Amino acid sequence: MLVQTWTDVVVSSLQSLWLEVLSWLPNLIGAAVVFVVGLVVAAGLGSLVEKVVAALKLDNLLRRLGLEEYTKRAGMELNSGHFLGQVVYWFLALAFLLAASDILGFFALSNFLRDVLLYLPNVAIAVLIMAAAAVVANLVRHLAQASVMSAKLHAAKFLGAVAWWSVMVFGGLAALSQLGIAVAIINTVITGLIAMMALAGGLAFGLGGKDYAAHLMQKLQDTMEGR
């Protein structure tokens with residue numbers, strides 16, 4: 001009698017499990033179909049974006065702006081079409097994976113994927129900020145070097161490097177702020193850098209240029225007194 005009871009319990013459990021599997025199977029098939037179709041769509045749109053960007057010859061413009069130098073330093077080839085195509089592909093792939101996860105009821109995974117998709121625009125904007133910073137930094141460096149050389153001074157390369165690094169540092173801080181990485185710390189660092197540069201400039205003028213400042217004051221006094 002006891003064995004029969006155990007047998008009935010096991011059979012009932014297996015039947016319940018089988019019914020749950022059968023009821024879950026359509027969701028599994030639907031999720032698989034959605035994800036596979038999504039991968040096909042993502043691959044097609046990614047390839048289309050890559051071809052459109054290649055037809056627009058965006059890489060030639062980026063080379064003229066001086067961005068190829070930085071991609072080579074990073075060990076990468078400048079190929080904006082492939083980059084944008086991959087961005088589109090992975091964004092759509094994650095979007096369809098999110099849809100499949102919702103179908104299966106994996107809500108923890110769905111929340112994670114939703115957060116990732118909402119965060120991706122910040123990454124794209126941060127990349128654009130760094131690219132714009134690199135372009136502006138090159139322009140400012142050339143302008144600084146040309147201005148110093150036209151004034152017949154000998155610190156053209158140094159001042160050009162200072163101008164380049166200043167723009168790139170602020171660009172990097174702006175990109176980190178866009179990514180939401182330690183925003184309060186970044187704001188403190190920016191304030192500290194500005195205060196440090198102001199203090200350094202004041203000390204440099206006060207200690208290193210005091211004789212020249214005294215000379216200018218004496219010259220102004222002589223001019224006012226008509227000497």
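All of the numbers you see were taken from the coordinates with simple rules; none came from a lab. All values reported here derive from a predicted model rather than from experimental measurement. Here the Cβ is made from the backbone with ideal geometry for all residues, glycine too, and neighbour counts use every protein chain on show.
Annotations for the structure displayed:
- The calculated FRET efficiency for the pair LEU143 and ASP102, based on their C-beta separation and a Förster distance of 41 Å, comes to about 0.20.
- Linear extension gain, VAL52 paired with ALA32, 0.36 nm per residue minus alpha-carbon span: 4.2 nm
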